Amino acid sequence: MAHHKSAIKRIKQNTKRAARNRHVTSTLKTYIKRVREAVDAKDKEAAVAALKVAIPVIDASASKGVIHRSNASRNVSRLTVLVNTLG
């Protein structure tokens, strides 16, 4: 266990940030999964609607530093291509 005041504070901050990152990551995966499920069901309208909701969530997670901006860009690109395959 930490004895220094700064080390105790660091542990508290790390715990708080880990909880936030876990929540944002879980939410992100859920929105990506919704887009993929709509594409698998061949439902173009639902896929487009899910993608419109997912893109801001992906961008927000990148701006918070939970994922890298290149990872966010790659996710958006791949999901967009996937939705566009429905024609």
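The values are calculated or read from the model by the stated rules, or taken from the named source; none is laboratory data. Everything numeric here is computed off the predicted structure, so don't read it as measured data. Neighbour counts are summed over all protein chains in view; Cβ atoms, including those assigned to glycine, are modelled from backbone coordinates with ideal geometry. For the accessible areas, the whole protein counts, side chains as well, though only heavy atoms, and no ligand, DNA or RNA atoms are used. Shrake-Rupley method; radii C 1.70, N 1.55, O 1.52, S 1.80 Å.
Selection of segment 1-37 for residues being touching a residue at least 24 places away in the same chain (Cβ under 8 Å) and either among the polar types (S, T, N, Q) or touching a His at 6+ places or on another chain (Cβ under 8 Å) (or both) yields Asn21, Thr25, Thr27. Annotation: of all residues in segment 53-87 being assigned to a helix (DSSP H, G or I) and more than 30 Å from Ala18 (Cβ to Cβ), the one that is least open to solvent (accessible area, probe 1.4 Å) is Val83. Residues in segment 38-52 that are touching a residue at least 12 places away in the same chain (Cβ under 8 Å), assigned to a helix (DSSP H, G or I) and open to solvent by 30 Å² or more (accessible area, probe 1.4 Å): Lys44, Val48. Here Thr15 clears all of (1) β-branched (Val, Ile, Thr); (2) surrounded by fewer than 11 Cβ atoms within 10 Å (Cβ to Cβ); (3) not in a helix (DSSP H, G or I) except the condition numbered (3). Taken over segment 14-59, residues that are among the basic types (Lys, Arg) and under 23 Å from Gly87 (Cβ atoms) amount to 6.
Mind listing whichever residues of segment 1-38 are modelled with pLDDT under 95 and of a type in the set (A, V, I, L, M)? Selection gives Met1, Ala2. Beta carbons closer than 8 Å, at least 6 apart along the sequence or on distinct chains, pair a first residue in segment 70-87 that is within 10 Å of Ala47 (Cβ to Cβ) with a second that is in a helix (DSSP H, G or I) and open to solvent by 60 Å² or more (accessible area, probe 1.4 Å) for Leu79/Arg36; Leu82/Arg36; Val83/Lys44; Leu86/Lys44.
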